[in-house]
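The structure under discussion appears below in the form of structure tokens.
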Amino acid sequence: MNPDLVDALREKLDHLELMRQHLEYSLAKVRTWWNAERAFREWNADQLESLAALKARFAELQDHLAAAMRLVATIEEEPTEIFSYVLNYMVQVGVLPNEQVWRDPRNLRNAAVHDHSSSDHEKSLHYQGLLDQAQILLQVHTNLKAFAARVYGISTPPLSPT
């Protein structure tokens, strides 16, 4: 086991903890007023900013979780050239219950980055999906931390709220 890679994973997990805290903040804020039936033109500037932060933080956490999972596979000398191999390994070690659990948030992440829909209905479906799928990302993060603690002795306590 390469100690430099384990140190890189420790740093990645510390950073993921901060990203998680930011996503949880955005989730809590948006959930207080979110209504998928409302037209986007009815949202005020602060609400639209909160939606943009939610979308960005969801995508950021998803991307960095993927990088951390690839790093674990690299540490374990598992194949990483195709991400399906990484996902399969994450299922084997219990970080993911199955590959599809990862693919759904990934599709939302891709839509978040590339979608420029002007339809309120499509936007509402997208943001509702982010709200619904965020718990999956948080659970994957929890599972990854538990794996790292068990296998590498890496402890990343939750950050105190700011």
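Tabulated data for the structure shown
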read-out	value
Along the chain, longest interval not containing exposed GluC sites (Glu not before Pro), exposed being DSSP loop plus at most 15 other Cβ atoms within 10 Å	82-162
Mean ellipticity per residue at 222 nm, deg cm²/dmol - from DSSP H runs of n ≥ 4 across the chain, formula -39500 (n - 2.57)	-26000 deg cm²/dmol
Surrounding net charge for Arg20, when Lys and Arg each add one and Asp and Glu each subtract one, Cβ distance under 14 Å	-2
Heavy-atom accessible surface of the range 1-140: percent carbon and sulfur, 1.4 Å	49
Cα-based Rg of the range 1-51 normalised by 2.2 N^0.38 Å, two decimals	1.80
The range 1-143, accessible area per residue, ligands and nucleic acids excluded (1.4 Å, Å²)	52
DSSP H segments from the chain that extend 24 Å or more along their own axis, Cα-based, with Kyte-Doolittle mean of 0.0 or above	45-75
Diffusion constant of the range 1-104 at 4 °C, which comes from Stokes-Einstein with the Kirkwood Cα-pair radius and 1.567 mPa s, µm²/s	83
Accessible area, probe 1.4 Å, largest first, for residues Thr32, Thr142	Thr32, Thr142
Rounded to the nearest 10 Å², the accessible area of Met1 at probe 1.4 Å	150
Loop trypsin sites (Lys or Arg not before Pro), the range 5-80, which have at most 16 other Cβ atoms in a 10 Å radius of their Cβ (DSSP)	Arg38
Chain lengthening between Ser119 and Asn107 when straightened (0.36 nm per residue, less Cα-Cα)	2.4 nm
With DNA, RNA and ligands ignored, accessible area of Asp46 (1.4 Å probe; Å², nearest 10)	110
Cα convex hull of the range 46-128 - mean projected area over all directions, nm²	6.1
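The values are calculated or read from the model by the stated rules, or taken from the named source; none is laboratory data. Predicted model only: the values in this text are computed from it and were never measured. A quick note on method: Cβ atoms are made from the backbone with ideal geometry, for glycine too, and the neighbour counts reach across all protein chains shown. Accessible surface is based on the protein model in full, side chains and every heavy atom, while ligands, DNA and RNA are left aside. Shrake-Rupley method; radii C 1.70, N 1.55, O 1.52, S 1.80 Å.
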